[in-house]
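Visitor: One structure follows; several queries about it will come next.
The values are calculated or read from the model by the stated rules, or taken from the named source; none is laboratory data. Fair warning: this is a prediction, and the values are worked out from it, not measured in the lab. Cβ coordinates were reconstructed from backbone atoms using ideal geometry, including for glycine residues, and neighbour counts include every protein chain displayed.
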Amino acid sequence: TYVVTDKCIRCKFMDCVAVCPVDCFYEGENMLVINPDECIDCGVCEPECPAAAIVADTDPTAARWLELNDRLSRVWPNIAEKKEPPEDAEAWMDVDGKFETAFS
Ligand code: SF4
Ligand code: F3S
């Protein structure tokens, strides 16, 4: 499976949603997550994300986010169509520690 990492937080560009063939993205207020059971591992979304927020679960950084994607994709609503990103999305690219500020 592929997973969405903290780089998505407050960027939420949603280009990933536009290309996913199985609509396995789920939407929270500040970020999206992927349902690991539904993702078919096609990899199409990964290069589409302007924030480089999507990684394969084999990536060394993925473990923490896999747990989060798995858990939250079961409670957040499905998103199948791209919407307007937040107005300040660009400003949040490459900001460190976004998970801590968004979820605390
Ligand atoms: Fe969807 Fe493919 Fe990305 Fe999985 S890897 S979330 S199936 S686009
Ligand atoms: Fe997030 Fe990137 Fe998708 S910022 S919403 S993972 S295109």
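Visitor: State which residue pairs qualify: first residue over 21 Å from Glu90 (Cβ atoms) and more than 10 Å from ligand 1 (Cβ to nearest atom) and inside the stretch 21-32, second residue aliphatic (A, V, I, L, M) and part of a strand (DSSP E or B) in any location, beta carbons under 9 Å apart, and separation of 6 or more residues or different chains.
Guide: From the stretch 21-32, the pairs are Tyr26/Leu32; Tyr26/Val33; Tyr26/Ile34; Tyr26/Ile79.
Visitor: Of all residues being among the aromatic types (Phe, Trp, Tyr) and part of a strand (DSSP E or B) in the stretch 1-40, which is nearest to ligand 2 (Cβ to nearest atom)? Just the residue, please.
Guide: So the residue we want is Phe25.
Visitor: Which of (1) surrounded by fewer than 15 Cβ atoms within 10 Å (Cβ to Cβ); (2) out of contact with any helix residue (DSSP H, G or I) (no Cβ under 7 Å at 6 or more places or on another chain); (3) not hydroxyl-bearing (Ser, Thr, Tyr) is the odd one out, the single condition Ala52 does not satisfy?
Guide: (2)
Visitor: Then there's this: Tell me, please, whether a residue that is in contact (Cβ under 8 Å) with a residue 12 or more places away in the chain, surrounded by 16 or more Cβ atoms within 10 Å (Cβ to Cβ) and touching a Gly at 6+ places or on another chain (Cβ under 6 Å) can be found in the stretch 56-68.
Guide: Within the stretch 56-68 (the criterion being in contact (Cβ under 8 Å) with a residue 12 or more places away in the chain, surrounded by 16 or more Cβ atoms within 10 Å (Cβ to Cβ) and touching a Gly at 6+ places or on another chain (Cβ under 6 Å)), the answer is no, since none of the residues qualifies.
Visitor: Looking at (1) under 17 Å from Lys7 (Cα atoms); (2) within 12 Å of ligand 2 (Cβ to nearest atom), can you tell me which one Asp88 breaks?
Guide: Failed condition: (2).
Visitor: Now for a separate question. Which of the residues belonging to the stretch 78-89 are touching a residue at least 60 places away in the same chain (Cβ under 8 Å) and not in a loop (DSSP other than H, G, I, E, B)?
Guide: Ile79
Visitor: Of all residues in the stretch 69-104, how many are closer than 15 Å to Ile34 by Cα, out of contact with any Gly (no Cβ under 9 Å at 6 or more places or on another chain) and surrounded by 10 or more Cβ atoms within 10 Å (Cβ to Cβ)?
Guide: 9
Visitor: Answer yes or no as to whether Ala62 is under 22 Å from Phe99 (Cβ atoms) and within 13 Å of ligand 1 (Cβ to nearest atom).
Guide: So Ala62 fits the description; yes.
Visitor: Also, quick follow-up: Of the conditions (1) of a type in the set (Phe, Trp, Tyr); (2) away from ligand 1 (no atom under 13 Å from the Cβ); (3) modelled with pLDDT of 95 or more, Tyr2 satisfies every one except a single condition; which number is it?
Guide: Unmet condition: (2).
Visitor: Answer with yes or no whether Ile79 is touching an Asp or Glu at 6+ places or on another chain (Cβ under 6 Å), within 21 Å of Pro21 (Cβ to Cβ) and among the β-branched types (Val, Ile, Thr).
Guide: Yes; evaluated as a whole, the condition is true for this residue.
To keep it simple, each residue is scored yes or no on (1) touching a helix residue (DSSP H, G or I) at 6+ places or on another chain (Cβ under 6 Å); (2) acidic (Asp, Glu); (3) modelled with pLDDT under 95.
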residue: Ala56; (1), (2), (3): no, no, no
residue: Pro60; (1), (2), (3): no, no, yes
residue: Ala63; (1), (2), (3): no, no, yes
residue: Asp70; (1), (2), (3): no, yes, no
residue: Trp76; (1), (2), (3): no, no, no
residue: Glu84; (1), (2), (3): no, yes, no
residue: Asp88; (1), (2), (3): no, yes, no
residue: Asp94; (1), (2), (3): no, yes, yes
residue: Gly97; (1), (2), (3): no, no, yes
